[in-house]
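Encoded as structure tokens, the structure appears first; notes follow it.
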Amino acid sequence: MSKRDLYEVLGVDRSASAAELKSAYRQLAKKYHPDVNPGDAEAERQFKEISHAYDTLKDDQSRAAYDQFGHAAFEGGGSGGGQGGGFGGFGNFGDFGSMGDIFEEFFGGRRGGGGRARQQRGSDLRTDVHISLEEAFSGVERQIKLNRNAPCGTCDGSGAKPGTSLKTCGTCHGHGKVRAQQGFFMVERPCHVCQGAGQIVETPCDDCKGRGHIAQSRTLSVAIPAGVEDGTRIRLSGEGDAGGRGATAGDLYVFVGVEPHPVLQRDGADLFCQLPVTLTQAALGCSVEIPLLNGKRVKLNVPKGAQPGQQFRLREKGMPVLRSRAHGDLYIQLAVEMPAKLSREQEKLLKQFADISGEDTFPQAARFRKQTGAK
């Protein structure tokens, strides 16, 4: 029976890179491995076939020979993968090395191996700070009171009483993890004796009771930069809880809340303000001072005949852009206020004004009457 093309076995093109070959093999090995398919003769056959294909093609020299002569390149002289011409048995796992490697790749785990256990990193902490829009404009420094777990100064975070040392865990032999067989799967868990540390405290420190950390209350100074927006997160590296027995400390995340402003509304770096002006100010024109967030004032000239909703743009009078010298703009929208209460003299004057007003005085009203036929 003719042998299948090795590239076809792996499901890749003949131009496939080494990485593509490796990826294709890993996916097929997970699918057809005998431990995953117990008693399935066809899966066993396919696993042998893909193992042989990958062993041949992963080596540059044997791949070049196969590309030139096909299967004939290895007949009578041993296969390119060094497996004696036949398909590899179950002891051959190609690039994985063992079934444990396959399942580690499959589940995304780590092997204990012969390395030391990695201590658990400290927990991250969160605190909230609320500032005004003025403080967001200029930037501000705030003092934060924080309760956290800090490294024990007596034992330097080891958990062991000064003058004593840690003992290698006899259960996991310092790996921090133990393995247990569950059916066809090898499951790896943190060691229940040392809690994944790989070492045991025989004589605990009197101050921290072997934990390696103690409760601490401290005050931190946090610089909040100009231009921060509501919900901005500031990360203070290493200011979280202490890690287990000298491991890296967690981080502190400061979430900034910017309080609403009574007059200004914010959109990114731009500010929006509704400016109320009287009927006479809008009609005759006026000059209005606009207070800015930096404490200064800027003069806005409202032209004669200004209309409700008319908008003015004051360039670079908005919020600073975070970590930049640029500023947004300030947009002023006119809100023309009508008289709420009139005296008899004011009514008389307004009636006189109405009598002498023509279409040019109120062009929009005149246009509406023409379009609708209203009087």
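Placing R0 at 45 angstrom, the Cβ-Cβ distance between HIS130 and GLU316 gives a FRET efficiency of 0.95 after rounding to 0.05.
With coordinates expressed along the principal axes, the C-alpha atoms belonging to the range 204-307 extend over 85, 20, 16 Å, beginning with the largest.
Take the Cα of ASN147, step 7 Å toward its Cβ, do the same at LEU342, and the gap between the two points is 6.6 nm.
In the chain, a dipole from Cβ-located charges (positive for Lys and Arg, negative for Asp and Glu) runs towards its positive end, and of GLN46, GLY198, ALA64 it is GLY198 whose Cα lies farthest in that direction.
Measuring max minus min along each principal axis, the C-alpha atoms of the range 118-264 give extents of 68, 46, 16 Å (largest first). Within the chain, which is the longest segment containing none of the GluC sites (Glu not before Pro) that sit in a DSSP loop and have at most 12 other Cβ atoms within 10 Å? Within the chain, the longest run free of exposed GluC sites (Glu not before Pro) spans 76-201. Do any trypsin sites (Lys or Arg not before Pro) in the range 292-337 lie in a loop, going by DSSP, with at most 11 other beta-carbon atoms within 10 Å of their beta carbon, and if so which? For trypsin sites (Lys or Arg not before Pro) across the range 292-337 that sit outside H, G, I, E and B with at most 11 neighbouring Cβ atoms in 10 Å, the list reads LYS296, LYS304, ARG315, ARG323, ARG325.
When only Cα pairs below 8 angstrom with a gap of at least 6 residues are kept, the range 224-318 shows a relative contact order of 18 percent.
For the set LYS317/LYS341; LYS30/LYS177; LYS3/LYS31; LYS145/LYS296; LYS3/LYS30, the pairs lying more than 25 angstrom apart at their alpha carbons are LYS317/LYS341; LYS145/LYS296. Taking every C-alpha pair closer than 8 Å and separated by at least 6 residues, the mean separation divided by the residue count of the chain gives a relative contact order of 13 percent. Placing a label point 7 Å from the Cα of ALA73 along the Cα-to-Cβ line, the residues of the range 1-43 whose backbone N sits under 12 Å from it are 6-7. Take the Cβ-Cβ distance between GLU20 and GLU42 as r, set R0 to 30 Å, and report the resulting FRET efficiency rounded to the nearest 0.05. It comes out at approximately 0.75. With the charge dipole of the chain set up from +1 on Lys and Arg Cβ and -1 on Asp and Glu Cβ about the Cα centre, the Cα lying farthest toward the positive end among the listed residues SER17, GLN311, PHE362 is that of PHE362.
Can you give the Kirkwood hydrodynamic radius for the range 241-302, in Å, rounded to one decimal and based on Cα pairs?
Working: mean 1/r = 0.0616 Å⁻¹.
In the range 241-302 this quantity evaluates to 16.2 Å.
By the rule of a second cysteine Cβ within less than 4.7 angstrom, the chain holds isolated cysteines at CYS273, CYS286.
Projecting label points 7 angstrom from Cα along Cα→Cβ for LEU236 and LEU279 puts them 5.8 nm apart.
Relative to the compact-globule estimate of 2.2 N^0.38 Å, the Cα radius of gyration of the range 280-375 comes out at 1.53. Over the chain, the reciprocal of the mean inverse Cα-Cα separation, the Kirkwood hydrodynamic radius, stands at 29.7 Å. Between GLN371 and GLN333, the simple label model (points 7 Å from Cα in the Cβ direction) yields a spacing of 2.1 nm.
Of all accessible surface on the range 171-295 at a 1.4 Å probe, what whole percent is carbon and sulfur?
Roughly 51 percent, rounded to a whole number.
The values are calculated or read from the model by the stated rules, or taken from the named source; none is laboratory data. As the structure is a computational prediction, the values presented were derived from the model and not from experiment. So basically every Cβ, Gly included, is an ideal-geometry build from the backbone, and we count neighbours across all protein chains shown. We work out accessible area using only protein heavy atoms, side chains counted, and drop any ligands, DNA or RNA first. Shrake-Rupley method; radii C 1.70, N 1.55, O 1.52, S 1.80 Å.
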